[in-house]
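The structure's right below; bear with me while I get my questions together.
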Amino acid sequence: MTVLFDDGIAAPGTHGLLLGVGTYPFLKEGSAPEAERFKLHMNMGQLSSPPRSVEALARWFLDAEGGFHNPERPLRSLQVLCSAVPPVALPGPGGAATVIAGARRAAVHQAILDWKARAGRHEENLAIFYFCGHGLSFGEIQNALLLEDFGANHADPMADAIAFDELRLGLMRHSAARYQVHFIDACRTLPTREFTDQYGDTSTGEAVVAGGLGRQMRDKIAPVFFATGLAAAAYGLPDQASLFTQGLLRCLRGVGSRDADDHWDVTVPAVAEGINKCVESLAFQTQPQYCQPRDTGQSFILHRLRSDPEVIVKVFTRDEALLPQTILAHISEANVRTERPPLGVPWWVPLPLGRYTFEAVSAANAAVIGQRTKHVSPPGAEVGL
Amino acid sequence: MNTTIRVRAMAPTTWGTGADSIAAGEVVARPGSGPGRMPRKAFSLGINSGPQQIAVAPGDYTVRLFLPSGEILAESVSLSPGEQEEVVFELRASPHEWLGADAVMGNVQRLPNAERARGLESVRSAPETLLDGIAGNRPTERALSNMRYLAAQAVSDTDRNIAAVASISGLERVPKIVGWRWLTRIRRDRPLPGGRLPLLDVVRWWTGDPESPPTPLHITHHDEHNARLATSPATRVASFEYIAGDRRAFAAVEDPTGNLYYAVLPEGWARTSRAAYGDQAPASVLMTVAVDSVLLAGDEAGSGAHWRCSPSVDDLQAMAVMGFLASGQTHAAEILLQQAQDLLFDKTINPVAAVAGAYALLAYSEETNARERPQWRNWIRNLCNFFPGFPDGAIAMAKLYLKFGEGAVEEEIDAERLRAYALDAVRRGLPYLSFGINILSEILLLLVRDDEAGKRSGPAIEDTRRAYALVHQLTRIMAPGEFFTVLRLGETRL
């Protein structure tokens with residue numbers, strides 16, 4: 001177990017559990033002896049993104065100066081499990097570097113129960129669950145999160161997976177925390193026919209916290225953010241945080257924020273589109289509904305910004321054919337000019353909230369193709385010139 | 001003169017929404033506006049139609065526009081006393097005029113093109129040019145390396161997707177799309193089958209028995225990546241029975257790659273907007289190419305390009321509500337609903353449109369609903385009770401009961417009461433809206449697990465297990481992300 005932070009206070013707060021699985025010894029190219037590896041790996045192998053993703057998110061949570069900030073529900077505990085080679089190290093209690101334990105079945109089950117108990121210290125708590133690794137989807141609400149030892153048990157591989165949707169329902173029933181947010185950064189690919197022919201399709205993993213009916217469920221607000229749509233593959237950059245996690249962190253810096261009295265709050269209904277805009281800027285293309293939200297109707301605050309938000313502005317020429325010969329520029333209110341030389345793609349630029357003049361200038365003859373002044377606000381702006 | 005913000009949404013097309021509103025918006029005072037900050041003002045808006053005028057106090061504001069595709073745009077304005085300021089949201093162009101509405105709904109995707117791929121190659125060789133976000137920052141070597149990798153990945157991605165799109169579409173393939181409309185009737189007294197059914201038996205159980213031979217669907221518009229199919233006006237059905245669940249209409253469509261879809265075809269649809277209340281709206285199916293992978297590594301098995309089957313109805317406002325639900329923008333759906341909720345729920349000329357509204361309401365708290373619309377519980381109850389063949393009405397009632405109880409939220413959940421609603425919903429047949437299937441699946445799972453924990457047995461318990469197994473099989477073949485339920489019969493895992 002790796003509890004990096006726990007203030008033990010029962011007053012309302014935020015309790016996080018971050019799980020990352022990068023090494024799968026029993027899957028494709030895993031470290032286990034070949035005879036022990038799982039033949040029906042469905043082309044799932046080793047991942048370098050989950051450790052970086054978990055590390056980036058954990059550091060954000062632990063950064064008391066520039067990271068997570070929720071005055072109504074400050075961070076009260078953070079637990080991390082991550083399967084990686086070499087293991088991830090993060091600042092633990094007292095700031096000492098702590099080697100993070102792997103996300104194997106037994107450890108994950110215990111971690112979930114411990115996190116549930118911490119989050120249950122007060123009914124107004126916010127419980128945050130994050131998973132990054134391989135996932136299988138047997139249906140839109142039958143998603144399995146694969147743990148490090150997935151594939152070790154050739155008789156019942158799904159025993160080393162979490163039935164996410166059942167876990168969520170179980171937490172709604174049994175966890176006292178009213179607010180429960182889930183970020184699932186995993187593939188939602190369909191299992192192959194060979195797999196379902198051999199193992200069936202009724203087992204989607206272990207619920208860990210069993211569901212069932214109870215009026216306590218009515219009090220819970222439990223939105224989910226999936227990295228991709230059903231039957232689509234999430235992706236990870238080698239040795240970088242995943243696209244989804246990078247988008248999430250950028251969203252938390254302002255793209256997913258909304259105006260409040262004298263500050264900006266990242267609220268639940270704004271997160272999905274915030275992530276989608278960030279992903280577009282990272283991937284140079286629009287991927288419709290990259291972040292799939294569920295049950296995000298009720299609004300509450302996830303994070304409060306300490307300063308003005310950063311937004312994503314897409315600057316382009318209305319005639320896309322002009323892009324390769326056009327210099328794009330933005331000029332701030334302080335009259336600072338920043339230019340981008342001609343490139344064949346729009347310019348996605350993160351800018352602090354504020355008023356800017358945007359220009360498109362021909363590289364050939366310096367003629368101004370277009371100019372506009374805009375005050376940019378979250379989630380962002382598109383400036384066609 | 002009043003201080004006013006005039007808001008318009010413009011798309012580079014001749015298409016417009018006329019009197020219908022399909023976008024939702026809000027005006028919010030910017031933080032730091034000081035004491036007396038104006039409360040949030042919501043509004044609805046059409047595309048390429050007249051402006052919406054919002055009276056405000058002088059000050060600084062953010063104006064946001066929510067589109068049914070899930071996209072959110074924002075502009076800011078500052079107004080002095082008596083000033084009028086116009087805010088124009090410029091929307092992206094759709095691939096063709098006839099796809100204007102579908103583009104706003106998010107049903108048509110902007111596909112990768114070769115120009116974009118070549119543009120990305122230039123990024124790969126000059127990554128530093130994309131890293132100047134804030135003046136004075138010099139990108140690190142790691143940031144440059146990451147940007148080069150991203151760009152290379154994006155080039156590879158784009159090229160692969162272009163090839164994948166070309167392999168399944170084109171002007172020679174698209175006209176080969178064929179479709180048929182089936183009219184069926186579902187017997188609510190049919191038994192719940194035990195065990196796993198073959199695929200076609202699952203479909204038949206959920207969609208009912210055909211009443212007559214099928215009618216061909218004709219391609220009314222097409223291009224190299226899209227085709228719209230519909231019945232001819234002479235064969236269109238206009239009876240209320242088809243949107244009340246007493247009789248059903250389905251479209252069976254085969255795409256150019258040989259995959260078969262069986263989709264709810266919302267014939268008999270009556271518009272519920274004030275501007276065209278009660279008018280019949282034609283139903284159609286849009287077949288469109290989609291790419292759902294982004295930045296996959298070369299050896300990763302991505303799904304590449306595939307065809308999507310999207311039923312729709314020529315009722316922009318109702319489609320917009322469903323779009324907002326699908327993209328998780330429930331509050332935007334509510335803004336549209338507020339304009340016409342009395343028409344939608346009191347008269348109920350269109351239960352399907354009404355239940356979409358009901359699903360939006362179910363996302364809110366009891367307090368909010370009771371304050372904004374005291375009759376909301378009766379609306380949902382009526383959808384269930386007045387239309388005994390309508391599955392979505394029973395699903396909405398089950399969800400209402402699960403989440404809010406019959407009388408008060410404090411009451412315990414009676415498993416038998418919930419079971420009755422859930423089994424009734426299953427017997428009524430295939431839900432019109434795919435949102436309903438996920439809700440039903442979740443409710444049945446809860447019942448099954450509760451039965452296991454309570455060690456219950458008996459015919460009703462067995463029926464619940466069978467119902468859950470049936471819904472389980474259904475969710476395996478349900479196409480994700482469509483408003484109306486679409487079953488994929490060509491690439492099942494059953």
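Readers should treat all values here as calculations from the given coordinates under stated rules, not as data from a laboratory. Quick caveat: nothing in here was measured; it's all calculated off a predicted structure. Quick reminder, even Gly has a Cβ in these numbers, built from the backbone with ideal geometry, and neighbours come from all protein chains shown.
Just how large is the dipole of chain B about the Cα centre, in debye to the nearest 20, putting +1 at every Lys and Arg Cβ and -1 at every Asp and Glu Cβ?
On the way: 51 positive and 58 negative charges, 135 e Å.
The calculation lands at about 640 debye.
Right, something else. State, to one decimal in nm, how far the label point of A:Asp7 lies from the label point of B:Asp346, with both points 7 Å from Cα in the Cβ direction.
5.2
Express in whole angstrom the spacing between the alpha-carbon centres of the range B:155-186 and the range B:84-105.
So the two Cα centres are separated by 25 Å.
Let me ask something else. Is the C-alpha gyration tensor of the range B:378-465 telling us rounded, prolate or oblate? Criteria: a/c under 1.5 is rounded; beyond that, a/b larger than b/c is prolate, otherwise oblate. Mind showing how you got there, number by number?
Numbers: a/c = 1.87, a/b = 1.27, b/c = 1.47.
Since a/c reaches 1.5 but b/c is at least a/b, the shape of the range B:378-465 is classed as oblate.
Calculate for chain A the 222 nm mean residue ellipticity that helices alone would give, adding -39,500 (n - 2.57) per DSSP H run of length 4 or more and normalising by residue count, nearest 500 deg cm²/dmol.
Theoretical 222 nm ellipticity from helices: -5500 deg cm²/dmol.
Additional query: Counting other beta carbons within 10 Å of each Cβ, put A:Asp114, A:Asp319, B:Asp450, A:Asp149 in order, fewest first.
A:Asp319, A:Asp114, B:Asp450, A:Asp149
Can you tell me what share of the DSSP beta bridges in the protein assembly as shown is antiparallel? A percent to the nearest 5 is fine.
Bridges in the protein assembly as shown that DSSP calls antiparallel: roughly 75 percent.
Taking amide hydrogens as modeled 1.01 Å from N in the peptide plane, which residues meet the under 5 Å criterion relative to A:Leu4, leaving out close sequence neighbours?
Long-range HN contacts for A:Leu4: A:Leu78, A:Gln79, A:Val80.
Which of the lysines could be linked to A:Lys277 by a straight reach, that is with a Cα gap under 23 Å, when you skip same-chain ones fewer than 8 residues away?
Answer for A:Lys277, where 23 Å is the Cα cut-off: A:Lys314, A:Lys374, listed by chain and number.
Just want to confirm a number: the relative contact order over chain A, from Cα pairs under 8 angstrom separated by 6+ residues, in percent.
14
Taking H as built 1.01 Å from N, whose amide H comes closer than 5 Å to the amide H of A:Ala103, not counting residues under 5 places away?
Sorted by chain and number, the residues that satisfy this are A:Cys82, A:Ser83, A:Glu148.
OK, next. Mind checking which aspartates and glutamates have their Cα closer than 16 Å to the Cα of B:Lys176? Skip sequence neighbours fewer than 8 apart in that chain.
B:Asp223, B:Glu224, B:Glu254, B:Asp255
Continuing with the same structure: Rounded if a/c is under 1.5, else prolate if a/b is larger than b/c, else oblate: which is the range A:256-345, with a ≥ b ≥ c the root eigenvalues of its Cα gyration tensor?
It comes out oblate by the Cα gyration axes.
Across peptide A:211-221, what mean number of C-beta atoms from other chains lies inside 10 Å of a residue's C-beta? Provide the component values of the computation, followed by the final result.
Working: counts 9, 12, 15, 4, 7, 1, 4, 10, 1, 1, 2.
Mean inter-chain Cβ contacts per residue within 10 Å come to 6.
Additional query: Multiply the residue gap between B:Glu452 and B:Glu211 by 0.36 nm, knock off their C-alpha separation, and tell me the result in nm, one decimal place. Display every interim value, and only then the final one.
On the way: separation 241, 0.36 × 241 = 86.76 nm, distance 4.01 nm.
Stretched out fully, the B:Glu452 to B:Glu211 stretch lengthens by 82.7 nm.
Let me ask another. Out of B:Pro391, B:Val203, B:Met105, whose Cα points farthest toward the positive end of the dipole of chain B (charges: +1 Lys, Arg; -1 Asp, Glu; placed on Cβ)?
B:Val203
Sticking with this one: Enumerate the calculated ³J(HN,Hα) couplings along the range B:90-102 in order (Karplus 6.51 cos²θ - 1.76 cosθ + 1.60, θ = phi - 60°), each rounded to whole Hz, writing x wherever the residue is Gly or Pro.
Per-residue couplings from phi come out as 9, 8, 6, 6, 8, x, 8, 4, 6, 9, x, 5, 4 Hz.
With 10 angstrom as the radius, rank A:His122, A:His303 by how many other C-beta atoms surround their C-beta, starting from the fewest.
Ascending number of Cβ neighbours within 10 Å: A:His122, A:His303.
Simple spin-label model, 7 Å along Cα-to-Cβ: B:Thr368 to B:Ile219 in nm?
Distance between label points: 4.4 nm.
I'd like the Karplus ³J(HN,Hα) series for the range A:221-227: coefficients 6.51, -1.76, 1.60, θ = phi - 60°, whole numbers in Hz, and an x wherever there's a Gly or Pro.
Those phi angles translate into 10, 9, x, 10, 10, 9, 5 Hz.
Which of rounded, prolate, oblate describes the protein assembly as shown, given a ≥ b ≥ c as roots of the alpha-carbon gyration tensor eigenvalues and a/c under 1.5 marking rounded, otherwise prolate only if a/b is larger than b/c?
rounded
Just how far, in whole angstrom, is the range A:111-172 from the range B:1-44 if you go by their alpha carbon centroids?
Measuring centre to centre over Cα atoms gives 41 Å.
Once you keep just the Cα pairs under 8 angstrom separated by 6 or more residues, what percentage relative contact order results for chain B?
Here the relative contact order equals 14 percent.
If amide H atoms are built 1.01 Å from N in the plane of the peptide, which residues on other chains or at least 5 residues away come under 5 Å of the amide H of A:Ala363?
A:Thr326, A:Ile327
Output the antiparallel fraction of DSSP beta bridges having both residues in chain A, as a percent to the nearest 5. Write down the numbers at each step before the final one.
Values: 47 of 81 bridges.
Among the beta bridges of chain A, antiparallel pairing accounts for roughly 60 percent.
Between A:Thr373 and A:Val336, what length in nm is gained on full extension when 0.36 nm per residue of separation is reduced by their alpha carbon distance?
Additional length available on full extension: 11.9 nm.
Which whole-number percentage describes the relative contact order of the range A:3-108, with Cα contacts under 8 Å and a sequence gap of 6 or more?
Dividing the mean separation by the residue count of the range A:3-108 yields 36 percent.
A follow-up question, please. Quantify how strongly other chains surround peptide B:72-82 by giving the mean number of their Cβ atoms within 10 Å of each of its Cβ atoms.
Partner Cβ neighbours, averaged per residue: 4.
By how many nm would the segment from B:Lys403 to B:Arg196 lengthen if fully extended, with 0.36 nm per residue of separation less the alpha-carbon distance?
Between B:Lys403 and B:Arg196, full extension yields an extra 71.4 nm.
Taking every residue in B:442-454, how many Cβ atoms of other protein chains lie within 10 Å of its Cβ, on average?
On the way: counts 6, 1, 0, 9, 10, 3, 2, 9, 6, 2, 3, 4, 2.
The shielding value for this peptide is 4.
For B:Ser310, B:Ser80, B:Ser239, what ranking results if the residue with the fewest other Cβ atoms within 10 Å of its Cβ goes first?
Least crowded to most crowded, the residues run B:Ser80, B:Ser239, B:Ser310.
Moving to a separate point now. Taking 7 Å along the Cα-to-C-beta vector as the label spot, tell me the B:Asn259-B:Glu241 distance in nanometres, rounded to one decimal.
The answer from the label model is 3.4 nm.
May I ask you to evaluate 6.51 cos²θ - 1.76 cosθ + 1.60, the Karplus curve with θ = phi - 60°, for each residue of the range A:317-325 and list the ³J(HN,Hα) values in order in whole Hz, giving x for glycine and proline?
8, 4, 8, 4, 5, 7, 3, x, 10
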